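This report concerns only the one structure given below.
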Amino acid sequence: MSEIKRITTPLTEEIIENLRAGDRVLISGYVYTARDAAHKRMLEEYEKTGKLPFDIRGQIIYYVGPTPPRPGQVIGSAGPTTAYRMDKYTPKLLELGLKGTIGKGWRGEEVKEALKRFKAVYFAAYGGTAALLSKHIKSVEIIAYEDLGPEAIRKLYFENFPVIVANDIYGGDVFEEGQKKFRKLVI
């Protein structure tokens, strides 16, 4: 079993160059949230104004729509959303300086090529563990699109948030590699 890598945001090229598909990673630092509606609105805003609601350079976007917190909690359940739903928006955001995304499931070829071209990574979070993942989120602040409710853009502070590098800048793909290993076992 490989060692666990600890990284802090914002991401630098040096951090990204040292990550490989399959690496287990703990992320600490600020991360932003956005799902479908927020992505659409961000890029519409960028088309009109040339600006985004936050400085995206070096940042990570977590695809999540958290539930409301219970009394005494910072955030409710905060599990990952299916990543490919954001694929049509991701290449442009990577071009603008985004360096990481967190979701669940695979990414399309256009996104994987953009990850290589713009030196960024896609992290897979553990699906089905939303309540446990929320314990690694220490603060929450809505920074844009409050009218979107759970899909508003939030600034989260992560402390040792567990993920796996799913796609790296070298073309590594943990999903494809996993399928190849499985096929060898069953054939």
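Are any of the residues in the stretch 22-33 exposed (fewer than 14 other Cβ atoms within 10 Å of the Cβ), part of a strand (DSSP E or B) and not aliphatic (A, V, I, L, M)? Yes, that holds for at least one residue.
When Ala114 is tested against (1) outside any strand (DSSP E or B); (2) under 21 Å from Glu13 (Cα atoms); (3) out of contact with any Leu (no Cβ under 7 Å at 6 or more places or on another chain), only condition (3) is not met. Against the criterion of being touching a Pro at 6+ places or on another chain (Cβ under 9 Å) and farther than 23 Å from Ile164 by Cβ, Pro68 qualifies. When the stretch 90-140 is filtered for residues that are out of contact with any helix residue (DSSP H, G or I) (no Cβ under 9 Å at 6 or more places or on another chain), among the hydrophobic types (A, V, I, L, M, F, W, C) and surrounded by 15 or more Cβ atoms within 10 Å (Cβ to Cβ), the ones remaining, listed by number, are Phe123, Ala130, Leu133, Ile137, Val140.
Condition check ((1) closer than 24 Å to Ile164 by Cα; (2) β-branched (Val, Ile, Thr)) across all residues:
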{"position": "Glu47", "(1), (2)": "no, no"}
{"position": "Val64", "(1), (2)": "yes, yes"}
{"position": "Asp87", "(1), (2)": "yes, no"}
{"position": "Lys104", "(1), (2)": "yes, no"}
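For the stretch 90-111, residues that are touching a strand residue (DSSP E or B) at 6+ places or on another chain (Cβ under 9 Å) and in a loop (DSSP other than H, G, I, E, B) total 5.
Out of Asp173, Asp87, one residue alone is in contact with a strand residue (DSSP E or B) (Cβ under 6 Å, 6 or more places away or on another chain) and modelled with pLDDT of 95 or more. It is Asp173.
Ile4 meets the stated requirement of being exposed (fewer than 13 other Cβ atoms within 10 Å of the Cβ), closer than 20 Å to Phe175 by Cα and out of contact with any Ser or Thr (no Cβ under 7 Å at 6 or more places or on another chain).
In the stretch 68-89, the condition of being surrounded by 15 or more Cβ atoms within 10 Å (Cβ to Cβ), aromatic (Phe, Trp, Tyr) and in contact (Cβ under 8 Å) with a residue 60 or more places away in the chain is met by no residue. Restricting the stretch 111-136 to residues that are within 14 Å of the chain's Cα centre (by Cα) and among the aromatic types (Phe, Trp, Tyr) leaves a set whose member that is farthest from Gln59 (Cα to Cα) is Tyr126. Entry remark, the stretch 144-164: residues being assigned to a strand (DSSP E or B) and crowded, with 17+ Cβ neighbours inside 10 Å number 9 in total. For the stretch 131-143, a tally of residues being touching a Pro at 6+ places or on another chain (Cβ under 8 Å), assigned to a helix (DSSP H, G or I) and of a type in the set (A, V, I, L, M, F, W, C) returns 1.
The values are calculated or read from the model by the stated rules, or taken from the named source; none is laboratory data. This structure is a prediction, so every number in the text was calculated from the model and none was measured. All Cβ positions, even for glycine, are placed from backbone atoms using ideal geometry, and neighbour counts span all protein chains on display.
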